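Enquirer: Pasting a structure here, questions to come.
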Amino acid sequence: MKVFVTRILPAAALDLLKAAGLEVKQWTEKRKLTQEELIAHCQDADALLSAGQQINKEFLLASTHLKVIALHSVGFDNTDVDTATELKIPIGNTPGVLSDATADTAFLLMLATSRNAFYMHQQIINGEWGFFEPTANLGIELQGATLGIFGLGKIGLEMAKRCIGAYQMKVIYHNRSRNESAEQELGATYVSFEELLKQSDVISVHTSLTTETEGKFNMEAFKQMKERAIFVNTARGSIHQEEDLTKALQEKVIWGAGLDVTHPEPMAPDNPLLTMPNVCVLPHIGSATVGTRNAMARIAAENIIAGLKGERLPHLVNPEIYG
């Protein structure tokens, strides 16, 4: 049986697939496949291991023969899960292995934003490290500040632990439902979304992208935040409205922002967020460590192998296919 892989993946994952007797074809060009190319490459494949591709209805209807689709990601907002379920195609993802790496990225962005770090580094490159001014380029203290977590799951939990350990931050959070185990472990307090906005010195986004969370952080939300607040998003770019965020920063509605995700991605090089002193932007590298990417690739391969054996996927997005 044949597997088509949409990106160059760690050798460990490919070795797993080949050891299972599978023929692997890997896309090696450094560009995203077009929808037409993806469909064409999957016509003689039994399984798809997808990294960074949109799996939409058009693709699925043209690829009903696929026995399994494994995503090299935790999120599946770029996949038409409903159509895949109707077609009885199991979809697998890679949860639970990138919590530490992504939390590290959120913590990095929070700290870097609080001290204008990216902007100050660029000043050195530009030859602008000059006269010392005691009142210039001042950052924000994080010690004892209030951290607001929007989406207190595994990644949010790890972010909170880092903030408590480093800066003794008070943790509040907002979820669709309470996380009582996290409350006991962290002393975190559940609050309404409105209170999260009003009380937080730092808001860190760790929720999945849904119809409820898309565009959640808009100008109305930013106006309810503290003027000295920092907004951090390492989840999905569509959770914040980028034009509103830009305006909120330009008009000093909030103090700063740290982003590992943008909308769209990649961000245009002339985006005004990239030249603001109190904004730090990374190119969606939340899970980019050797250990994490290896683990993600292995889980994706394990999902493929199970699916081609007719077994339940170890990490299944759409259990409804089994009735």
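Enquirer: Could you tell me whether V281 is crowded, with 18+ Cβ neighbours inside 10 Å, closer than 25 Å to R7 by Cβ, touching a residue at least 12 places away in the same chain (Cβ under 8 Å) and of a type in the set (A, V, I, L, M, F, W, C)? Break it down stepwise before answering.
Expert: On the way: crowded, with 18+ Cβ neighbours inside 10 Å: yes; closer than 25 Å to R7 by Cβ: yes; touching a residue at least 12 places away in the same chain (Cβ under 8 Å): yes; of a type in the set (A, V, I, L, M, F, W, C): yes.
Here the answer is yes, as V281 does meet what is asked.
Enquirer: How many residues are in a loop (DSSP other than H, G, I, E, B) and under 27 Å from the mean Cα position of the chain (by Cα) if we restrict to region 1-20?
Expert: 5
Enquirer: If you don't mind, another one. Right, G151: touching a residue at least 40 places away in the same chain (Cβ under 8 Å) and either in contact with a strand residue (DSSP E or B) (Cβ under 6 Å, 6 or more places away or on another chain) or not assigned by TED's automatic domain parsing to the domain that holds T113 (or both) or not? Steps first, answer last, please.
Expert: Values: touching a residue at least 40 places away in the same chain (Cβ under 8 Å): yes; either in contact with a strand residue (DSSP E or B) (Cβ under 6 Å, 6 or more places away or on another chain) or not assigned by TED's automatic domain parsing to the domain that holds T113 (or both): no.
So G151 does not fit the description; no.
Enquirer: Here's a follow-up. Within region 11-32, restricting attention to residues that are modelled with pLDDT under 95 and buried (at least 16 other Cβ atoms within 10 Å of the Cβ), which residue is farthest from H72 (Cα to Cα)?
Expert: In this case the residue turns out to be L14.
Enquirer: Shifting gears a bit: What's the total number of residues in region 278-323 that are farther than 17 Å from L71 by Cα and hydroxyl-bearing (S, T, Y)?
Expert: 2
Enquirer: Continuing with the same structure: Name every residue in region 75-92 that is in contact (Cβ under 8 Å) with a residue 40 or more places away in the chain and β-branched (V, I, T), in order of residue number.
Expert: If the condition is that a residue be in contact (Cβ under 8 Å) with a residue 40 or more places away in the chain and β-branched (V, I, T), then T79, V81, T85, I89, I91 are the ones that fit.
Enquirer: Within region 21-32, track down each residue that is among the polar types (S, T, N, Q) and in a loop (DSSP other than H, G, I, E, B).
Expert: Here is the first cut: in region 21-32, the ones among the polar types (S, T, N, Q) are 26, 28.
The one that is among the polar types (S, T, N, Q) and in a loop (DSSP other than H, G, I, E, B): T28.
Enquirer: From the list L60, L87, which residue is in the same structural domain as H315 (by TED's automatic domain parsing), buried (at least 19 other Cβ atoms within 10 Å of the Cβ) and out of contact with any strand residue (DSSP E or B) (no Cβ under 8 Å at 6 or more places or on another chain)?
Expert: Among L60, L87, only L60 is in the same structural domain as H315 (by TED's automatic domain parsing), buried (at least 19 other Cβ atoms within 10 Å of the Cβ) and out of contact with any strand residue (DSSP E or B) (no Cβ under 8 Å at 6 or more places or on another chain).
Enquirer: Which of the residues that make up region 193-210 are in contact with a strand residue (DSSP E or B) (Cβ under 8 Å, 6 or more places away or on another chain), closer than 16 Å to K226 by Cβ and not aliphatic (A, V, I, L, M)? If you could, list the steps in order and put the result at the bottom.
Expert: In the first step, residues of region 193-210 are kept if they are in contact with a strand residue (DSSP E or B) (Cβ under 8 Å, 6 or more places away or on another chain); the result is 193, 195-197, 199-207.
If we keep only those that are closer than 16 Å to K226 by Cβ too, we end up with 193, 195-197, 199-204.
Within region 193-210, F193, E195, Q199, S200, D201, S204 meet the criteria.
The values are calculated or read from the model by the stated rules, or taken from the named source; none is laboratory data. Keep in mind that this is a model prediction, so the values were computed, not measured. Glycine gets a Cβ as well: all are built from the backbone with ideal geometry, and neighbour counts include every protein chain shown.
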